[in-house]
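Heads up, the thing below is written out as structure tokens.
The values are calculated or read from the model by the stated rules, or taken from the named source; none is laboratory data. All values derive from a computational prediction rather than experimental measurement. Using ideal geometry, Cβ is built from the backbone for each residue, glycine included, and neighbour counts are taken over all protein chains shown.
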Amino acid sequence: MQDTQPKTIYLKDYRVPDYLVDTTDLWFELDPKATLVKSRLKVRRNQAAGVGLPPLLLDGVELELLSVTLDGILLSPAGYREFPEGLSIPVDRAEFLLEIQNRINPEDNTSLEGLYLSNGMYCTQCEAEGFRKITFYPDRPDVMSKFTTTIVAPTDHPVLLSNGNEIERGNYGADRQFVTWEDPFAKPAYLFALVAGDLEQVEDSFMTVSGRTVKLQIFTETKNVGKCDHAMRSLKSAMRWDEEVYGREYDLDIFMVVAVDHFNMGAMENKGLNIFNSACVLASPETATDSAFQRIESIVGHEYFHNWSGNRVTCRDWFQLSLKEGFTVFRDAEFSADLNSRAVKRIEDVSLLRTNQFSEDAGPMAHSIRPDSYMEISNFYTLTIYEKGAEVVRMIHTLLGEKGFRKGSDLYFKRHDGCAVTCEDFVKAMEDANQVSLTQFRRWYSQVGTPVLDVKDHFDETQGVYQLTVRQSCPLSEKQEENLPLHIPFRVGMLDSTGKEISLNEQGLTETILHVNGTEQIFEFFGLKEKPLPSLLRGFSAPVKVHYSYSNEQLLFLIRNDTDTFNRWEASQRLALNSLAELQEAYRKGEPLQLRSELIDAYRGVLKDRGLDPALSAEILQLPSEQFVAEESVFIDSEATVVALEFARKAIAEELADEFIRCYCELNSQKSYSPDAKDIAERRLKNICLSYLCATETQEALDMAQNQFDSASNMTDSAAALTALINYAGDSQAENSIAQFYTRWQEDAQVIELWLSQQSCSPKRGTLKNIRALIEHPAFEMTNPNKVRSVIGGFANRNFKQFHKNDGSGFEFVADQVIALDKLNPQIAARMVIPITRWRKYTGAHAEEMQMALQKVADSHVLSKDLFEVVSKSLG
Ligand code: B3K
Ligand code: ZN
């Protein structure tokens, strides 16, 4: 791999910065290959750091240094020391003006960190440590400075943007112009942004609660101006929501959003100038699916909410990342829940958490939501930091209640406005505002792994006492010497044999939160006439696994009767998992496969229940994914997993074909498109029916799909039909549809990304041969992360059948792509390698093949820091 290992950074080594930067004036003369950057920094010794005047250390990566001037005196090269990742300048005074000039090459920057070009547009990405690829600077979030930015660019780049307010513009020589921006709020360098290009804009305005008018602008390439309405609507909803729910008002007079095609993640919350991955902002009914509409609403909300939870109050260091991300994900989840179906949002979020975060928590990169160490911080933008982090904030919300939580957040924002703080500061504000102790609860921030609750029950008929015994444990990871009991809010309810809720106390409450905080506890309920059926962990009140041995009949009963929507869905998942486990077992023994009747009965009941929310019906009718089945197994038998799911899908489809047809026809209305929750739910249910019907592979079903494909007026229906044809139609019908779709949409980047992933995720058509062909397709671009995620990510993460082929060819292919990617974009390479790092969950030859693929990556070249960290931790 390499001789000198990248350095590990530890939280325990945190020291306050030696120097602070009061103001930062930046000057950019844009040029694709040689952009000139000039900075003027007012630097001051940080009294809190101690006495004396240590050298000033500045971060800087891949920069061509031109000059350094201190208080107007040009320093000779002997006056500073340049090293591979920065600059050290000896100083003899506590306050000084530092001026630096350097050059950078945006065109060759394929890492998409720092300043780079996307389709000729200049843009930046500085979080976490990208600013050091722009100029020499103390690139750490606890150095907050007031920025002024001047951009000089040729006139073919008329739109020149940065943070804050525009204060000046004019011509610069014959063929250039300049614009100066001033951001009145001090911020860390990671929130800096610059955009320059030939862009169109869509404009609107928002009147804040105190009556200020804020100008809202979305910038995009001309061809996309028709795809900004939904993002604009979402932005205004988010601004209103944050005022109403958190009392947070927007603070600048302008809020800008820019859509960029080449972007490493979803979006970035730069102060006043959010930069978005085009896929997370652009949508129209003809080109975007319902899930894209919902993703856009939630990401626009997320980035907007960061203005307070992240920007006004920021992180002291990157170990505190979950302070802003966990909190902001919690905020955006509540925003989406308020605007759409709360139950479905919860189900989707929990599904993501359990399928992907739980496996991260059990894998080689496991870390707590406030990690102790990292080599490359980019590797820690994880589901643990984001999703588990949000669950931890949600538990605080559960413990304090709506009002108590709001008191806590008010105090947090008031106390820390304009500061860079820690997770501890957040918890402390919650405690102080409510006069409660969260001492034990704090362990959630430092402990690794997914806790397990083993629940047993006992009913004493003579006394009418029902006992729940709860044992908590956590698989001890090598990362930590001990796991102490956590404080787990465990929401429960109970049903009687007629399906009614049982009162759990004198006030008639039918639901309670049990405070699980010991290794083993007994909770007693009195005055019961019969043994109740417990409904456990309602609403998924904590990110834990619950083990309780429900019979399949009991699960069916819960699906039909539980008043907690989440747990109705949960019971359907458990029932499906039990059924799949039986099928796998039979397959392994060579016995004939037969699907349990309870599961069919449950699905039939759902399809017949006209009163049921279609959103919930749609969720219940979906079998768990291969990935979730795998996550739930101790050791994964990939072949049996695939066989069991294929068998179950087909058996359900055949048994319930009439019900699926009826439901499909009822919902297949021709009404005009709207992305509201009810219509989305109906389309979803309809398309699930279509997908089951096509699993029977009958001509009648495939004709229905073809018909929908030919006549669809929105992308949700069109894409669902195409997926059904790709997965179930014969070769020529499928290939014709794929070609037809491409011809129609080849100019639309977002649709083509969808088209690529539909093929790469298809168990039938996403064979390695076809994936290789997709990579050669003109629509594929190795330097565009969306395309990489669509093809390579789709194949490795969502095409279980082909990726896990027993010959190991899928693993080797992904390894080869990761090796190529690492030289272009280390962040994306380190993401794409993850599916092959989970080899310990597999057995025998399968595990060996994965390990070999990983070793191939390790041996290929001197890996980037990003990839090195993931690969070495996974092999070690
Ligand atoms: N804060 C950014 C993520 C930056 C990732 C850098 N590798 C987006 C977000 O969470 O809102
Ligand atoms: Zn975020």
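Out of Glu348, Glu243, Glu334, report the one residue that is within 16 Å of ligand 2 (Cβ to nearest atom) and either touching a Phe, Trp or Tyr at 6+ places or on another chain (Cβ under 6 Å) or in a helix (DSSP H, G or I) (or both). Full working, then the answer.
On the way: Glu348 fails: within 16 Å of ligand 2 (Cβ to nearest atom); Glu243 fails: within 16 Å of ligand 2 (Cβ to nearest atom).
Of Glu348, Glu243, Glu334, the one residue that is within 16 Å of ligand 2 (Cβ to nearest atom) and either touching a Phe, Trp or Tyr at 6+ places or on another chain (Cβ under 6 Å) or in a helix (DSSP H, G or I) (or both) is Glu334.
Quickly run through the stretch 132-144 and pick out the residues that are farther than 12 Å from Glu85 by Cα and within 16 Å of ligand 1 (Cβ to nearest atom).
The answer is Ile134, Arg140, Pro141.
Taking only the stretch 672-701 into account, find how many residues are among the polar types (S, T, N, Q) and not in a helix (DSSP H, G or I).
Qualifying residue count for the region: 4.
Scan the stretch 352-387 residue by residue and report those that are touching a Ser or Thr at 6+ places or on another chain (Cβ under 7 Å) and of a type in the set (Lys, Arg).
Arg370
Could you please let me know if Leu97 is in a strand (DSSP E or B) and more than 30 Å from the chain's Cα centre (by Cα)?
yes
Please find, within the stretch 371-388, the residue that is farthest from Phe263 (Cα to Cα) out of those that are among the charged types (D, E, K, R) and within 16 Å of ligand 1 (Cβ to nearest atom).
Filtering the stretch 371-388 for residues that are among the charged types (D, E, K, R) and within 16 Å of ligand 1 (Cβ to nearest atom), the one farthest from Phe263 (Cα to Cα) comes out as Lys388.
Checking Ile522 against (1) out of contact with any strand residue (DSSP E or B) (no Cβ under 7 Å at 6 or more places or on another chain); (2) in a strand (DSSP E or B), which test does it fail?
Ile522 satisfies every listed condition except (1).
Would you confirm, using the coordinates I've provided, whether Arg798 is touching a Cys at 6+ places or on another chain (Cβ under 9 Å) and either at pLDDT below 95 or among the charged types (D, E, K, R) (or both)?
Criteria met by Arg798.
Tell me, which residue of the stretch 395-410 that is touching a strand residue (DSSP E or B) at 6+ places or on another chain (Cβ under 9 Å) and not polar (S, T, N, Q) is nearest to ligand 1 (Cβ to nearest atom)?
So the residue we want is Met395.
Please go through the stretch 103-118 and pick out each residue that is within 16 Å of ligand 1 (Cβ to nearest atom) and assigned to a loop (DSSP other than H, G, I, E, B).
Within the stretch 103-118, Asn109, Thr110, Ser111, Leu112, Glu113 qualify.
Please enumerate the residues belonging to the stretch 178-233 that are of a type in the set (A, V, I, L, M) and part of a strand (DSSP E or B).
Taking the stretch 178-233 and keeping what is of a type in the set (A, V, I, L, M), we get 179, 186, 189, 191, 193-196, 199, 202, 207, 209, 214, 216, 218, 225, 231-232.
If the condition is that a residue be of a type in the set (A, V, I, L, M) and part of a strand (DSSP E or B), then Val179, Leu194, Val195, Ala196, Val202, Met207, Val214, Leu216, Ile218 are the ones that fit.
Among the residues of the stretch 414-442, write down those that are surrounded by fewer than 17 Cβ atoms within 10 Å (Cβ to Cβ) and not aliphatic (A, V, I, L, M). Steps first, please.
The first filter runs over the stretch 414-442 and keeps only residues surrounded by fewer than 17 Cβ atoms within 10 Å (Cβ to Cβ), leaving 414-415, 417-419, 424, 432, 435-437, 439-440.
Of everything in the stretch 414-442, those that are surrounded by fewer than 17 Cβ atoms within 10 Å (Cβ to Cβ) and not aliphatic (A, V, I, L, M) turn out to be Lys414, Arg415, Asp417, Gly418, Cys419, Glu424, Asp432, Gln435, Ser437, Thr439, Gln440.
Looking at the structure I just gave you, is Arg248 within 16 Å of ligand 2 (Cβ to nearest atom), over 21 Å from Phe206 (Cα atoms) and either surrounded by fewer than 20 Cβ atoms within 10 Å (Cβ to Cβ) or touching a residue at least 24 places away in the same chain (Cβ under 8 Å) (or both)?
Values: within 16 Å of ligand 2 (Cβ to nearest atom): yes; over 21 Å from Phe206 (Cα atoms): no; either surrounded by fewer than 20 Cβ atoms within 10 Å (Cβ to Cβ) or touching a residue at least 24 places away in the same chain (Cβ under 8 Å) (or both): yes.
So Arg248 does not fit the description; no.
Checking Asn274 against (1) away from ligand 2 (no atom under 13 Å from the Cβ); (2) outside any helix (DSSP H, G or I); (3) under 20 Å from Val225 (Cα atoms); (4) of a type outside the set (A, V, I, L, M, F, W, C), which test does it fail?
The number of the failed condition is (1).
Any idea which residue in the stretch 585-612 is modelled with the highest pLDDT, counting only those that are under 13 Å from Ala651 (Cβ atoms) and among the basic types (Lys, Arg)?
Arg604
So, Cys315, is that one modelled with pLDDT of 95 or more, of a type in the set (A, V, I, L, M, F, W, C), closer than 30 Å to Arg442 by Cα and more than 9 Å from ligand 2 (Cβ to nearest atom) or not?
Answer is yes for this residue.
Among the residues of the stretch 169-177, is there at least one that is assigned to a strand (DSSP E or B) and within 29 Å of Asp417 (Cα to Cα)?
So far as the stretch 169-177 goes, no, none of its residues is assigned to a strand (DSSP E or B) and within 29 Å of Asp417 (Cα to Cα).
Can you tell me how many residues in the stretch 738-758 are over 16 Å from Glu781 (Cβ atoms) and crowded, with 21+ Cβ neighbours inside 10 Å?
Residues flagged as over 16 Å from Glu781 (Cβ atoms) and crowded, with 21+ Cβ neighbours inside 10 Å within the stretch 738-758 amount to 2.
Just checking, how many residues over the stretch 238-257 are touching an Asp or Glu at 6+ places or on another chain (Cβ under 9 Å), under 21 Å from Phe413 (Cβ atoms) and not acidic (Asp, Glu)?
9
Going by the structure shown, is Asp156 acidic (Asp, Glu) and not in a strand (DSSP E or B)?
It is true that Asp156 is acidic (Asp, Glu) and not in a strand (DSSP E or B).
Please specify each residue of the stretch 388-423 satisfying the condition of being within 15 Å of ligand 2 (Cβ to nearest atom) and either in contact with a Ser or Thr (Cβ under 6 Å, 6 or more places away or on another chain) or without any contact (Cβ under 8 Å) to a residue 60 or more places away in the chain (or both).
Gly389
Only one of Ser237, Ser291, Ser284 is surrounded by fewer than 23 Cβ atoms within 10 Å (Cβ to Cβ), over 18 Å from the mean Cα position of the chain (by Cα) and either within 14 Å of ligand 2 (Cβ to nearest atom) or closer than 30 Å to Ala721 by Cβ (or both). Can you tell me which?
Ser284
Would you call Glu391 away from ligand 1 (no atom under 15 Å from the Cβ), under 16 Å from the mean Cα position of the chain (by Cα) and either crowded, with 20+ Cβ neighbours inside 10 Å or hydrophobic (A, V, I, L, M, F, W, C) (or both)?
yes
Looking only at the stretch 238-270, which residues are away from ligand 1 (no atom under 12 Å from the Cβ) and among the charged types (D, E, K, R)?
Hits for the stretch 238-270 are Arg240, Asp242, Glu243, Glu244, Arg248, Glu249, Asp251, Asp253, Asp261.
List the residue pairs whose Cβ atoms are under 9 Å apart, where the first residue sits in the stretch 267-285 and is at positive phi, the second is of a type in the set (Phe, Trp, Tyr) and away from ligand 2 (no atom under 13 Å from the Cβ), and the two are 6 or more positions apart or on different chains.
Gly272/Trp181; Gly272/Phe185; Gly272/Phe255
Looking only at helices (runs of 4 or more DSSP H) that fall completely inside the stretch 766-836, which ones have 1 or more residues that are more than 16 Å from ligand 1 (Cβ to nearest atom) and in contact with a Gly (Cβ under 8 Å, 6 or more places away or on another chain)?
Because the criterion is at least 1 residues that are more than 16 Å from ligand 1 (Cβ to nearest atom) and in contact with a Gly (Cβ under 8 Å, 6 or more places away or on another chain), the helices (runs of 4 or more DSSP H) in the stretch 766-836 that meet it are 768-776, 794-798, 800-803.
When only residues in the stretch 292-320 that are more than 11 Å from ligand 1 (Cβ to nearest atom) and aromatic (Phe, Trp, Tyr) count, which is nearest to Asn714 (Cα to Cα)?
Ranking the candidates gives Phe293 first.
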